[in-house]
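Below is one structure; the comments refer to it alone.
The values are calculated or read from the model by the stated rules, or taken from the named source; none is laboratory data. Predicted model only: the values in this text are computed from it and were never measured. Heads up, the Cβs are rebuilt from the backbone with ideal geometry, glycines too, and the neighbour counts pull from every protein chain shown. What goes into the accessible areas is simple: the full protein's heavy atoms, side chains included, and nothing from ligands, DNA or RNA. Shrake-Rupley method; radii C 1.70, N 1.55, O 1.52, S 1.80 Å.
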Amino acid sequence: MTLLRSPKTQGDLDNLNEKQFEDEETHKTKRCKSFCNGSNIANYFFSLFPIVSVLRPYKIKEFLLKDAVSGLSTACLHFPQGMAFGLLSTLTPKYGLYTSFFPVLLYVIFGTCPYVSFGTNAVISLFTANIIQSQLPSSTVFGGTNLSTNSSEVQISDDSFIEMRAAIASGSSFIVGVFLLLLGLLRLGFIATYMSSSFVGSFTTTAAIHIMSSQVPKSLGVRIPSVSGPGKLVLMYIEIFKNITSANVGSIVTSIICIIILAFVKDFVNEKFKSKLFMPIPIDLILVILGTVVSYFGELNSKFDIPVVGNIPPGVPPPSLPDLRSGIIGDSVVVAIIIFVLTISMAKVCESKNAINADQELVAYGMSNLGSSFFRCFPSCVAPPRTILLKTMDAKTTLNGIFSALVILLILLFLGEYFQYLPQAVLSIMVIMAVKNLLLQFRQLPRIWKINKYDFTVWVVTVASGVFIDFAYALYCGLGLSVFLIVFQSQRGKKSLFGKLKDEDLYVEESQLTTLPSNVKFFKMESSLFFATSETFRESLFKLTWDPRILKKDSDEVTISVESIPTKADNDQKLKEQTTDETKIVIIDCSSFNYVDMNGISTLSLVVKEFRSVGIRVLLVRCTSYLLDVMTRSDLMETVGEDNVYPDIVDAIALNVFETQL
């Protein structure tokens, strides 16, 4: 085989790169010193406030109209969704409107993506409801105010009860904000990669099932006892069927009408004529207005006993301290991670021209939740319908949020009280229709099964555990199973021998078309070398090459006669022969060893010693930089020998296999 370069060991190659590495280190030192000067520190500080870079080059004639129209259009979704998700959070609509106002303004200051519409989100609202429920004694019925314990009952007013819930929700928002802000300042945006798309899809589907189920009693006008603990979703449906005879006919009729209208406009009109429409028809806003008007003039509450939203006091809340409790820290951290994953995923989908700064986005999400927690807001997140609308309307900058916030402010100050007659069934159906697309993710299951059975398993187990046990278990079981399957798959990584294609310099999996000298075995395991794979690596290596345990046993059992005892000359001749063609050589491809732990180092060292004890040489080729660093810091490099480590298979073959035509 003719090489276009002289063959080298890994040590030779490292020596060639040493000078270049020293030059790079000098350059890094100079760059670090230049970063520490005053101007760069100021630039870093201003980078935390992206609104500065938005305002400086802002083109009023080109951007203002687009931002204004997109912001006002998004407000048409903010308002009804804020009211609906406020109820979903087991609070009142006004708290949903607060969460549609303060986080939006804060994201304008700290955010970077013009398509992110921060505010209320169905999944996060459901999590908020679970956090609140875990911290308060359960009420006798949904929406009631009799707090019962095992020994007594506590009577409190409706306003005090809701305020207590709101304080806990704002405490969760505070913890979420602090956690996300710290992640952003520490530049830990990469954590989003730890949640696979199959897990996120199944988790959001589970959330959609819980969200839809939580709105069924309100849409039917059924009052049922509160249920909690494992299997609560199943128990809730049992209670619904037990009390179905008390359902409110007016609420059922209202719900059916709303479903027909929303489905017709969203799934037919807006989809079929989206190329002709300037913007999607804001049917949610129209339905809220029509529902309020019909309810007021038809006196639906007094005549048909249809539950309505109730009083929405005008004004914005004064700043107040959130209610911080140790019992909500764990759930709030989970909420924070979900907020980041959901929001950054939507931002990356919509922002195709420029790369998303995940670290600065973490700062924005943190500040939006942290600042708004002092104004009785629950945790905020992006909502896909609003984000897609901003993308459709071609929003130019994050300043579009100012126009959305102005509309919500007008509603809070002057218009909110006019919507007190809105039937709750209207908002419940809006919530159900908002998560419809999440439920339809079930249609992806056949495709997931075809592509990857492990992802399918994660999907099914996550949904099943979340539905039949509890929502929180979907997170625990989904992530736990994902980690287990990663380890399990790594153990099943392919182990095989490789050979050289005849008349070519390409090494592929061993077959009739490949060739290698009989005394050479080229082994590769397609996995990292750590505690879960080290034993299978050793056993597979011995099985496919030579097993030194068997060779050593056979050697010990040989009986040597006196006449056959070799002389020193014979030994010298035998050693000479063994160092040429007869020496057995095992070449290990280490290109897949991206991670090696103590077990891996010990196993690799043991393998080298076992082979060496029976006269077999071990050569390591294509070592990753991580493995080389670990070998240098441990005694493995000394055990293997620097002369037995090569940058590529061709170097190992050229320098160790003599008089062989490949």
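State which residue pairs qualify: first residue open to solvent by 40 Å² or more (accessible area, probe 1.4 Å) and part of a loop (DSSP other than H, G, I, E, B) and inside segment 312-332, second residue small (Gly, Ala, Ser) and at pLDDT below 90 in any location, beta carbons under 7 Å apart, and separation of 6 or more residues or different chains.
Listed pairs, sorted by first residue: Pro314/Gly416.
When you scan segment 507-540, how many residues do you find that are under 36 Å from the mean Cα position of the chain (by Cα) and within 17 Å of Cys623 (Cβ to Cβ)?
11
Considering (1) farther than 30 Å from Cys477 by Cβ; (2) open to solvent by 40 Å² or more (accessible area, probe 1.4 Å); (3) within 24 Å of the chain's Cα centre (by Cα), say which one Ser345 fails and leave the rest.
(1)
Just to be sure I understand, how many residues within segment 377-395 are in a loop (DSSP other than H, G, I, E, B) and either surrounded by fewer than 20 Cβ atoms within 10 Å (Cβ to Cβ) or among the acidic types (Asp, Glu) (or both)?
1
Just for segment 265-311: of the residues that are hydroxyl-bearing (Ser, Thr, Tyr) and over 16 Å from Ser428 (Cα atoms), which one is surrounded by the fewest Cβ atoms within 10 Å (Cβ to Cβ)?
Ser275
With the checklist (1) assigned to a loop (DSSP other than H, G, I, E, B); (2) at pLDDT below 90 in hand, flag the one item Leu91 doesn't pass.
(2)
Could you tell me whether Val650 is crowded, with 20+ Cβ neighbours inside 10 Å and not charged (D, E, K, R)?
no
If I ask for residues that are more than 29 Å from Ser465 (Cβ to Cβ) and crowded, with 16+ Cβ neighbours inside 10 Å, which ones from segment 231-251 would you list?
Ala247, Asn248, Gly250, Ser251 - these are the residues of segment 231-251 that are more than 29 Å from Ser465 (Cβ to Cβ) and crowded, with 16+ Cβ neighbours inside 10 Å.
Please find, among Ser490, Ser511, Ser518, the residue that is open to solvent by less than 40 Å² (accessible area, probe 1.4 Å) and of a type in the set (Gly, Ala, Ser).
Of Ser490, Ser511, Ser518, the one residue that is open to solvent by less than 40 Å² (accessible area, probe 1.4 Å) and of a type in the set (Gly, Ala, Ser) is Ser490.
Hey, does segment 613-629 have a residue that's touching a residue at least 60 places away in the same chain (Cβ under 8 Å), crowded, with 18+ Cβ neighbours inside 10 Å, under 44 Å from the mean Cα position of the chain (by Cα) and in a loop (DSSP other than H, G, I, E, B)?
yes
Tally time: how many residues in segment 75-100 are among the hydroxyl-bearing types (Ser, Thr, Tyr), under 17 Å from Val407 (Cα atoms) and over 26 Å from the mean Cα position of the chain (by Cα)? Quick ask: steps written out before the conclusion?
Let us first name the residues in segment 75-100 that are among the hydroxyl-bearing types (Ser, Thr, Tyr), namely 89-90, 92, 95, 98-100.
Checking the rest, the ones that are also under 17 Å from Val407 (Cα atoms) come to 95, 98-100.
Right, trim to over 26 Å from the mean Cα position of the chain (by Cα) and you get 95, 98.
Number satisfying all stated conditions: 2.
Out of the residues in segment 170-180 that are within 23 Å of the chain's Cα centre (by Cα) and not polar (S, T, N, Q), which is surrounded by the fewest Cβ atoms within 10 Å (Cβ to Cβ)?
Val178
For segment 37-67, give me each residue that is open to solvent by 80 Å² or more (accessible area, probe 1.4 Å) and either at pLDDT below 60 or of a type in the set (Lys, Arg) (or both).
Arg56, Lys59, Lys61, Lys66
When you check Lys218 against the structure, is it basic (Lys, Arg) and buried (at least 16 other Cβ atoms within 10 Å of the Cβ), yes or no?
Yes: the conditions hold for Lys218.
With respect to the numbered conditions (1) under 18 Å from Phe127 (Cα atoms); (2) open to solvent by less than 40 Å² (accessible area, probe 1.4 Å), which one is the sole condition not fulfilled by Ser228?
Result: Ser228 passes all but (2).
Give me the residue from segment 287-317 that is hydroxyl-bearing (Ser, Thr, Tyr) and closer than 16 Å to Glu417 by Cα and, out of that set, farthest from the chain's Cα centre (by Cα).
Out of the qualifying residues, it is Tyr296.
Would it be correct to say that Ile257 is over 24 Å from Gly466 (Cα atoms), among the β-branched types (Val, Ile, Thr) and surrounded by 15 or more Cβ atoms within 10 Å (Cβ to Cβ)?
In short, yes.
Is it true that Ala425 is closer than 30 Å to Gly201 by Cβ, in contact with a strand residue (DSSP E or B) (Cβ under 8 Å, 6 or more places away or on another chain), surrounded by 24 or more Cβ atoms within 10 Å (Cβ to Cβ) and not polar (S, T, N, Q)? Can you show your working first?
Details: closer than 30 Å to Gly201 by Cβ: yes; in contact with a strand residue (DSSP E or B) (Cβ under 8 Å, 6 or more places away or on another chain): no; surrounded by 24 or more Cβ atoms within 10 Å (Cβ to Cβ): yes; not polar (S, T, N, Q): yes.
No, not satisfied.
For segment 465-482, name all the residues that are open to solvent by 40 Å² or more (accessible area, probe 1.4 Å) and among the aliphatic types (A, V, I, L, M).
Ile469, Leu479
Restrict the check to segment 402-410 and report whether at least one residue is of a type in the set (S, T, N, Q) and under 24 Å from the mean Cα position of the chain (by Cα). Walk me through how you get there before you give the answer.
Narrowing segment 402-410 to residues of a type in the set (S, T, N, Q): 404.
Imposing the further condition that a residue be under 24 Å from the mean Cα position of the chain (by Cα) reduces the set to none.
Looking through segment 402-410, none of the residues is of a type in the set (S, T, N, Q) and under 24 Å from the mean Cα position of the chain (by Cα).
Is segment 346-369 home to any residue that is in contact with a strand residue (DSSP E or B) (Cβ under 9 Å, 6 or more places away or on another chain), in a loop (DSSP other than H, G, I, E, B) and over 25 Å from Thr128 (Cα atoms)?
Taking every residue of segment 346-369 in turn, none turns out to be in contact with a strand residue (DSSP E or B) (Cβ under 9 Å, 6 or more places away or on another chain), in a loop (DSSP other than H, G, I, E, B) and over 25 Å from Thr128 (Cα atoms).
Mind telling me which of the residues Glu642, Glu659 ends up being modelled with pLDDT under 90, within 42 Å of the chain's Cα centre (by Cα) and surrounded by fewer than 20 Cβ atoms within 10 Å (Cβ to Cβ)?
Glu642 is the lone residue from the list that is modelled with pLDDT under 90, within 42 Å of the chain's Cα centre (by Cα) and surrounded by fewer than 20 Cβ atoms within 10 Å (Cβ to Cβ).
Please go through segment 541-555 and give me each residue that is open to solvent by 10 Å² or more (accessible area, probe 1.4 Å) and over 21 Å from Cys623 (Cα atoms), ordered by number. I'd like the intermediate steps shown before the answer.
Pass one, segment 541-555, residues open to solvent by 10 Å² or more (accessible area, probe 1.4 Å): 543-547, 549-555.
Selection gives Lys543, Trp546, Asp547, Arg549, Ile550, Leu551, Lys552, Lys553, Asp554, Ser555.
For segment 246-308, list the helices (runs of 4 or more DSSP H) that sit wholly inside it and hold at least 3 residues that are of a type in the set (Val, Ile, Thr) and either in contact (Cβ under 8 Å) with a residue 24 or more places away in the chain or closer than 27 Å to Leu415 by Cα (or both); which are they? Full working, then the answer.
Numbers: elements: 249-264, 283-298, 300-304.
Hits in segment 246-308: 249-264, 283-298.
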